[in-house]
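Worksheet for the structure shown next.
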Amino acid sequence: MPTFSTIQDEADERKLVRKIKKAVAFIAPKTVELPAAITGPDSQPIDIKALGFLPIGLVTPDGYNFSREIESEDIDALGYASPVRSDVTRVPRSVSFTALETGRRHMYELIYGTDLSAVEQATNGEIVIDEPDLPVDAEWRLLIIGADGPAANQWILGKGYGAVKLNATGEEVWGREGAASRQLTLNVFTDDEVGVPVRHYLGGTGAAASTDVLGFTQAAA
C-alpha cells in the first residue's frame, strides 16, 4: 500500500503553479479575428500587433482582474433540507484594470464611446476631442497575454474575448500624488463568430516540456 507521502508526491506538481509576472493587453475592432493560437511552432508568442490588435499599454500593479459569477436556480422538495435540483441560469463575466497611459486614439474611443477617425492632430501638436452625451456602445475584441518563467521554460497564458463592451469607468483624478489613471470594467458577451465568451490559451516552452502532466491528448506531428 502506498504511504500518504507517495500519494502526495504523485498528485502534486509544483511546476504547474503559475504566477503572472508580466502581462500585456490589446483591443481590436470586431473586424479583426481572434487568434486561434497565441504561440507559433517554436512555442514563442505570435506577433499580436500584426494581426490588427492595438495595445492598452501600462496598467497599475493590480493588473487584470477576471470576474466570473455563477447564478443558479434551485428547486426544493418537501422533506429535503437541500435542493433536489440546481440549474445554472446566468454566468456574468467581466474584465477590469486601471489604465495608466493617456493619449492613444483607440483608448479614447473605448473610454468615451465615440468614433475619432475624423479627428486630426493640429500642426502645433494639439488634439481636441468632443465627448458625446451618450456613448456609442461599440463592442471590441480583447486579448490579454501573460508570461511566467525564463525563455527556456516559459509559460504563456492568454484570455481572448470575442466581444467586450465598456461597462464602467472609475473616477479620474488629477492630483499631486500618483499618475492620472482610469479604472475600466468591460462586460463580456458571447460573440456570434467566435461562438464562446472566452477563449483560454496555455502554451510556451514550459507547456511544451510538460505534456506528461498536463493530461491533454497530443496532436499528431
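The values are calculated or read from the model by the stated rules, or taken from the named source; none is laboratory data. Remember, predicted model here, so these are calculated numbers, not experimental data. Here the Cβ is made from the backbone with ideal geometry for all residues, glycine too, and neighbour counts use every protein chain on show.
T60 satisfies every condition listed in (1) under 26 Å from T190 (Cβ atoms); (2) loosely packed, with under 15 Cβ neighbours inside 10 Å except (1). Would it be correct to say that L166 is out of contact with any Lys or Arg (no Cβ under 9 Å at 6 or more places or on another chain) and not aromatic (F, W, Y)? In short, yes. In segment 51-66, the residues that are closer than 20 Å to N167 by Cα form Cβ pairs under 8 Å with partners that are exposed (fewer than 13 other Cβ atoms within 10 Å of the Cβ), at six or more places apart or across chains, as follows: P55/K49.
Checking each residue in segment 166-201 for being buried (at least 16 other Cβ atoms within 10 Å of the Cβ) and of a type outside the set (S, T, N, Q) picks out L166, R182, L184, L186, V188, D191, V194, P197, V198, R199, Y201.
Summed over segment 4-23, residues that are part of a loop (DSSP other than H, G, I, E, B), among the hydrophobic types (A, V, I, L, M, F, W, C) and touching a residue at least 24 places away in the same chain (Cβ under 8 Å) total 1. Here V95 passes the criteria (1) under 14 Å from the mean Cα position of the chain (by Cα); (2) assigned to a loop (DSSP other than H, G, I, E, B) except the one numbered (2). Apart from one condition, G149 fits all of (1) out of contact with any Asp or Glu (no Cβ under 7 Å at 6 or more places or on another chain); (2) on the phi < 0 side of the Ramachandran plot; the exception is (2). For the criterion of being at negative phi, surrounded by 10 or more Cβ atoms within 10 Å (Cβ to Cβ) and at pLDDT below 95, P92 fails.
Assess whether A147 counts as being of a type in the set (A, V, I, L, M, F, W, C), exposed (fewer than 12 other Cβ atoms within 10 Å of the Cβ) and out of contact with any helix residue (DSSP H, G or I) (no Cβ under 9 Å at 6 or more places or on another chain). No, not satisfied.
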